[in-house]
Amino acid sequence: MLVSDILAKKGSKIFKILPSKAMIEAVQGMAAFKVGAVLVVDDKDNTLGIFTERDVTRCLAAHGARILETPVGDHMTPDPMTCRASDSVASVMSSMSTHHFRHMPVMDGGKMTGIVSIRDLVSNSLERAEFEAEALRAYVTAG
């Protein structure tokens with residue numbers, strides 16, 4: 001199974017924000033779009049970083065609610081690790097697990113084509129395992 005298979009199911013919409021925007025705008029957008037991460041891009045749509053729900057939690061714990069008015073670019077993770085649509089789901093899951101993050105932008109030909117979360121990958125793996133188990137049951141019962 002490839003990352004491209006995941007994107008084909010979930011779509012490739014990406015929530016993006018400029019680094020000068022307030023953190024509160026990123027938080028509101030993540031809530032509205034029901035996503036856990038936003039890509040921080042410049043005015044030419046070049047990816048500068050990623051800002052996630054974990055970043056929000058850390059900032060609030062360290063600085064309180066007033067931090068939400070500061071620029072999201074000050075709190076993003078710069079140059080996030082990325083994958084390609086042609087990468088295997090297993091290799092991306094392994095990278096996410098090893099490096100302790102839950103969202104990975106998908107790049108192809110220097111262009112951002114989507115973002116996958118650990119939830120996307122695990123859900124897909126579970127669906128595939130259930131399908132294979134059902135196929136095995138059908139094979140055994142038919143024989």
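Numbers at a glance
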read-out: Residues of the range 99-126 satisfying the condition of being assigned to a loop (DSSP other than H, G, I, E, B) and under 13 Å from the mean Cα position of the chain (by Cα); value: HIS100, PHE101, ARG102
read-out: Qualifying residue in the range 52-74 (condition: assigned to a strand (DSSP E or B), among the β-branched types (Val, Ile, Thr) and out of contact with any Asp or Glu (no Cβ under 9 Å at 6 or more places or on another chain)); value: yes
read-out: Some residue of the range 8-15 being within 20 Å of VAL116 (Cβ to Cβ), of a type in the set (A, V, I, L, M) and modelled with pLDDT under 95; value: yes
read-out: Hey, THR52 surrounded by 12 or more Cβ atoms within 10 Å (Cβ to Cβ) and in contact with a Ser or Thr (Cβ under 9 Å, 6 or more places away or on another chain) or not; value: yes
read-out: Only listed residue being touching a His at 6+ places or on another chain (Cβ under 9 Å), assigned to a loop (DSSP other than H, G, I, E, B) and touching a residue at least 12 places away in the same chain (Cβ under 8 Å), chosen from MET81, MET96; value: MET81
read-out: The range 2-37, subset under 18 Å from VAL92 (Cα atoms) and of a type in the set (D, E, K, R), residue surrounded by the most Cβ atoms within 10 Å (Cβ to Cβ); value: LYS10
read-out: Residue check for ASP87: over 24 Å from VAL122 (Cα atoms) and of a type in the set (D, E, K, R); value: no
read-out: Unmet requirement for THR57, which otherwise passes all of (1) at pLDDT below 95; (2) within 25 Å of LYS13 (Cβ to Cβ); (3) surrounded by fewer than 19 Cβ atoms within 10 Å (Cβ to Cβ); value: (1)
read-out: Selected residue (criterion: farthest from ILE17 (Cα to Cα)) from residues of the range 84-93 that are in a loop (DSSP other than H, G, I, E, B) and touching a helix residue (DSSP H, G or I) at 6+ places or on another chain (Cβ under 6 Å); value: ASP87
read-out: Candidate set: the range 42-73, residues that are in contact (Cβ under 8 Å) with a residue 40 or more places away in the chain and in contact with a Pro (Cβ under 8 Å, 6 or more places away or on another chain); chosen: the one farthest from HIS99 (Cα to Cα); value: PRO71
read-out: Any hit, the range 29-37, residues being among the charged types (D, E, K, R), touching a helix residue (DSSP H, G or I) at 6+ places or on another chain (Cβ under 8 Å) and modelled with pLDDT under 95; value: no
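The values are calculated or read from the model by the stated rules, or taken from the named source; none is laboratory data. None of these values were measured; they are calculated from a predicted model. FYI the Cβ positions are ideal-geometry reconstructions off the backbone, even for glycines, and counts take in every protein chain you see.
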